[in-house]
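Notes follow once the structure below has been shown.
Only the coordinates and a few stated rules stand behind these numbers; no lab work does. Not measured: the values here are computed from a predicted model. Cβ placement follows ideal geometry from the backbone for every residue including glycine, while neighbour counts extend to all protein chains displayed.
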Amino acid sequence: MGNFFEKADTALTRGNQAVICVLMMAMFAMVFANVVTRYGFGYSIAWAEEVSSYLMIWTTFLGGGLALRQGRHVAIDVLQDRLPKGLLPLARTILAIAILLFLACLFVFGIQFVAFGWAQETPVTQIPMGIPYLAVPLGALLFAAHLLFMFRSFIQRQWDYDDDEDMDEDNAPAGALADPTLAQTAENR
């Protein structure tokens, strides 16, 4: 059963990375083309700005779980760093549950927001506003899935790092080097 979850986790992560990559490439291509046509030919692509803005929103919401995996979210962890080592896992578990509850609320209210916006249309492309708004509940669902797959790692503050990324004070996520077990993990990579 563990092998199934590892494969599902890997598939989720790689699929999420691929979607983010495609969204960012499309956004780059649209913005670049719009700049070239605007300043080179005096013509602006009307829909490029709107669509690239929506793609940025989708990228942000769909990429939140990937950022969590690498410990890249802003965190104020002064309090938890001062806790006795025995209480830290409990505090991190409570934090993870609180995040999951927040994501559940975000999902529910996001669905309501999508339903509310579906009757409206975007100004330029005339697509239902529910489509851009759909990034909120889907992003919350994806973020929760990432957190559930890495729940134990989250509790232990063990983050996924890119293989080519050196761990040092300049590019380590907050708290990564403060925790000796994580520093040892960084040295082993």
* Every residue from the stretch 24-50 that is under 30 Å from the mean Cα position of the chain (by Cα), closer than 20 Å to GLN126 by Cα and of a type outside the set (Val, Ile, Thr) -> ALA26, MET27, MET30, ASN34, ALA46, TRP47, ALA48, GLU49, GLU50
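I'm checking my understanding of the structure. Among residues of the stretch 19-50 that are assigned to a helix (DSSP H, G or I) and of a type outside the set (A, V, I, L, M, F, W, C), which one is surrounded by the most Cβ atoms within 10 Å (Cβ to Cβ)?
Within the stretch 19-50, the match that is surrounded by the most Cβ atoms within 10 Å (Cβ to Cβ) is ASN34.
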* Asked: Out of LEU68, LEU62, LEU148, which single residue is surrounded by fewer than 18 Cβ atoms within 10 Å (Cβ to Cβ) and part of a helix (DSSP H, G or I)?
  -> LEU148
* ILE97, sole failed condition from (1) assigned to a loop (DSSP other than H, G, I, E, B); (2) of a type outside the set (Lys, Arg); (3) over 25 Å from ILE20 (Cα atoms) -> (1)
* Asked: What are the residues in the stretch 126-145 that are assigned to a helix (DSSP H, G or I) and farther than 12 Å from GLY65 by Cα, if any?
  -> GLY130, ILE131, PRO132, TYR133, ALA135, VAL136, PRO137
* To do: Could you grab me the full set of residues in the stretch 71-82 that are surrounded by 14 or more Cβ atoms within 10 Å (Cβ to Cβ) and either part of a helix (DSSP H, G or I) or of a type outside the set (Lys, Arg) (or both)?
  => GLY71, ASP77, GLN80
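For the stretch 79-91, indicate whether the set of residues that are closer than 22 Å to ASN16 by Cβ and of a type in the set (S, T, N, Q) is non-empty. Full working, then the answer.
Our first condition is that a residue be closer than 22 Å to ASN16 by Cβ; within the stretch 79-91, this holds for none.
Scanning the stretch 79-91, I find no residue that is closer than 22 Å to ASN16 by Cβ and of a type in the set (S, T, N, Q), so the answer is no.
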